[in-house]
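The next block holds one structure in the form of structure tokens; read it before the comments.
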Amino acid sequence: MANTPSIDDRFVNKDPSVRAIYDHLLKTLHTISPVEQDPRKTSIHINRKSALVGKVRITALKDNDAKLKTWLNDAYRLAE
């Protein structure tokens, strides 16, 4: 069985802005609830008790806005 990549491995050879967006998303999530990062072969799952965030495509820091935070808050409440 192949090794699962680490969080850092997922960002190798990516534009630094991709990591900045991911880190900002995590910072936003931590204002709502503690979460765990679960790196997979092709993605990083963000979990609370179970999967918290589905597939989210954020292409710029400006996309991490109040609307996204509201959506994340709603997802957190549904996962309770």
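Worth a mention:
- Unmet criterion (only one of (1) surrounded by 15 or more Cβ atoms within 10 Å (Cβ to Cβ); (2) at pLDDT 90 or above; (3) in a strand (DSSP E or B)) for Y22: (3)
- Of the residues making up region 40-80, those that are among the polar types (S, T, N, Q) and surrounded by 10 or more Cβ atoms within 10 Å (Cβ to Cβ) number 5.
- In region 8-17, the residues that are surrounded by 14 or more Cβ atoms within 10 Å (Cβ to Cβ) and of a type in the set (A, V, I, L, M, F, W, C): F11
- Residue tally, condition of a type outside the set (S, T, Y) and either in contact (Cβ under 8 Å) with a residue 60 or more places away in the chain or over 17 Å from D65 (Cα atoms) (or both), over region 20-45: 10
Here's the yes/no breakdown for (1) assigned to a helix (DSSP H, G or I); (2) touching a strand residue (DSSP E or B) at 6+ places or on another chain (Cβ under 9 Å):
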position	(1), (2)
R10	yes, yes
V18	yes, no
L29	yes, yes
K41	no, no
T59	no, no
K62	yes, no
K67	yes, no
W71	yes, no
A75	yes, no
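- Long-range neighbours under 6 Å by Cβ, at least six apart or interchain, first residue closer than 11 Å to I32 by Cβ within region 60-80, second at pLDDT 85 or above and in a helix (DSSP H, G or I): K69/T28
- Meets criteria (surrounded by 15 or more Cβ atoms within 10 Å (Cβ to Cβ), modelled with pLDDT under 85 and of a type outside the set (A, V, I, L, M)) for N3: no
The values are calculated or read from the model by the stated rules, or taken from the named source; none is laboratory data. What you see is a predicted model; the values in this text were computed from it and never measured. Positions of Cβ are generated from backbone atoms using ideal geometry, with glycine treated the same way; all protein chains shown enter the neighbour counts.
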